[in-house]
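Working notes, beginning with the structure itself.
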Amino acid sequence: MTSRSFVLLIPFLVIVGFWLLSRYESKLGHDPTHKSYWERNGMVLGLTFVGLVAFWTLFLVTLPYLYMVVESFHPKLPPTQRGGPNDFLTLAQYKSFFVSPTDNEWNWLHMSNFVYSIIVSAIIAFFNLCICYPLAYYMAQAGTAQKVRLLMLALIVPYWINEILRAFAVRLLLASKGLINQGLMGIGLTDGPIDFLSANTGMWIGLSYANLLIMIFPLYNAIESLDKNQIEAARDLGAPWWKIHRDVVIPYAKPGIASGCTMVFMLAAGSLAAPLFLSGPQQRWFTMTVYDFFFQAFNWPRGSAYAFILLAACITFVMVMLRLFKVKLGEAIR
């Protein structure tokens, strides 16, 4: 059995293991006041839910990732030679990230793109936090119900449009003859158009705009559950507004902050549409390099290795941040 075909067996082995574990735990004891999953939903509806979740998890998430990991340990071969004597496990694809296979020199280009993508993604997560925190606080604690509904609608409606179309819209706004440049020249702030796209300003704006909702909803859910009496008590004791946020609101909303920053960072680091349409020629986003290996060079093993390096780095960064801010993973994804 080849390593690629073995990937298909792993999810089924995991399912069997969990099923045996659930059978074992069901025999340990049963609370008569607590209804089981099948008792609450029935056999037909329960099987439907299980089937949909299993299909999504296995065929749209687990199997593609497992295949990508296995593929990254194979050399680049034509389809007719796969599974033959030249198809063996190797670390050459991961080595190519650090050392270029063409000249055996340090691969500074790909490593710099990778570091740039990670750092900018972290900055975008912090930038979105600074934008969304006041807005989420107003929606959760200060705004009336009618204003909150209108504001929520204004935030959601633009996201009914596809991400690629939104990226094109941002590009049109920031173009040399776009609305922003025309407005700046019209009021006399600039003598000529500013090249926002070459300076990667468009990419920063596009990535921040694409992930605003991802940041604001966890913040809103966390702050909305905070008892307003705690804020009023802090005001009655004479605490200024910045101390109220520092000592009352932010510590309580820390799980929502961690969740929003984590998701924005992961989505920004793995984004393709905004960097592809809005980035300048000076610096490439790392996902564009991965895309080129898959669909331009047709080097799927190397593209898989690069994609797995990005995934591993993002997970490591997120776990370090959760550890640093003393937030459990369960609290962040709740």
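The values are calculated or read from the model by the stated rules, or taken from the named source; none is laboratory data. Worth saying up front: this structure is predicted, and the values here are computed from it rather than measured. As a convention, Cβ positions derive from the backbone with ideal geometry for all residues, glycine included, and neighbour counts pool all protein chains shown. To get the accessible areas, we keep the full protein, side chains included, count just its heavy atoms, and leave off ligands, DNA and RNA. Shrake-Rupley method; radii C 1.70, N 1.55, O 1.52, S 1.80 Å.
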> For the chain, modelled as a GNM with alpha-carbon contacts under 10 angstrom, which of F49, F98, F59 fluctuates the most?
Replying inline: F49
>> Using only the Cα atoms of the range 262-325, what semi-axes does the equivalent ellipsoid have when each is the square root of 5 times a gyration tensor eigenvalue? Give whole Å, largest first.
In response: 24, 16, 8
> Solvent-accessible area per residue for the range 68-123 at a 1.4 Å probe radius, Å²?
Replying inline: 60
> What percent do you get for the relative contact order of the chain when only Cα pairs under 8 Å and 6+ apart count?
Replying inline: 23
> Using alpha-carbon pairs under 8 Å, 6+ residues apart, how would you state the relative contact order of the range 33-153 in percent?
Replying inline: 11
> Per residue, what accessible area does the range 143-209 have, given a 1.4 Å probe and all protein chains present, in Å²?
Replying inline: 64
>> Using protein chains only and a probe of 1.4 angstrom, how many square angstrom of M266 are accessible, to the nearest 10?
In response: 70
> Which one of I124, P134, T48 is farthest out on the positive end of the charge dipole of the range 39-134, using unit charges on Cβ (Lys, Arg +1; Asp, Glu -1) and the Cα centre as origin?
Replying inline: T48
> Averaged per residue, what accessible area in Å² does the range 211-334 show with a 1.4 Å probe, protein chains only?
Replying inline: 53
> In terms of the Cα gyration tensor, with a ≥ b ≥ c the square roots of its eigenvalues, is the range 217-334 rounded because a/c is under 1.5, prolate because a/b exceeds b/c, or oblate?
Replying inline: prolate
> If you project the alpha carbons of the chain onto their three principal axes, what span does each projection cover, largest first, in Å?
Replying inline: 74, 74, 37
> Which of the helices in the chain, when you take each full DSSP H run, stretch at least 15 Å along the axis at their Cα atoms and have an average Kyte-Doolittle score of -0.5 or higher?
Replying inline: 3-28, 43-57, 108-137, 145-156, 163-174, 212-224, 254-269, 300-324
> Given a 1.4 Å probe and every protein chain left where it sits, what share in percent of the accessible area of the chain is carbon and sulfur?
Replying inline: 69
> Assigning unit charges at the beta carbon (Lys, Arg +1; Asp, Glu -1) and nothing else, what dipole magnitude in debye, to the nearest 20, does the chain show about its Cα centre?
Replying inline: 400
>> With just the Cα atoms defining each centre, how far is the range 102-144 from the range 188-218? Give it in Å.
In response: 13
>> What number results when the radius of gyration of the range 196-244, computed over Cα atoms, is divided by 2.2 N^0.38 Å?
In response: 1.84
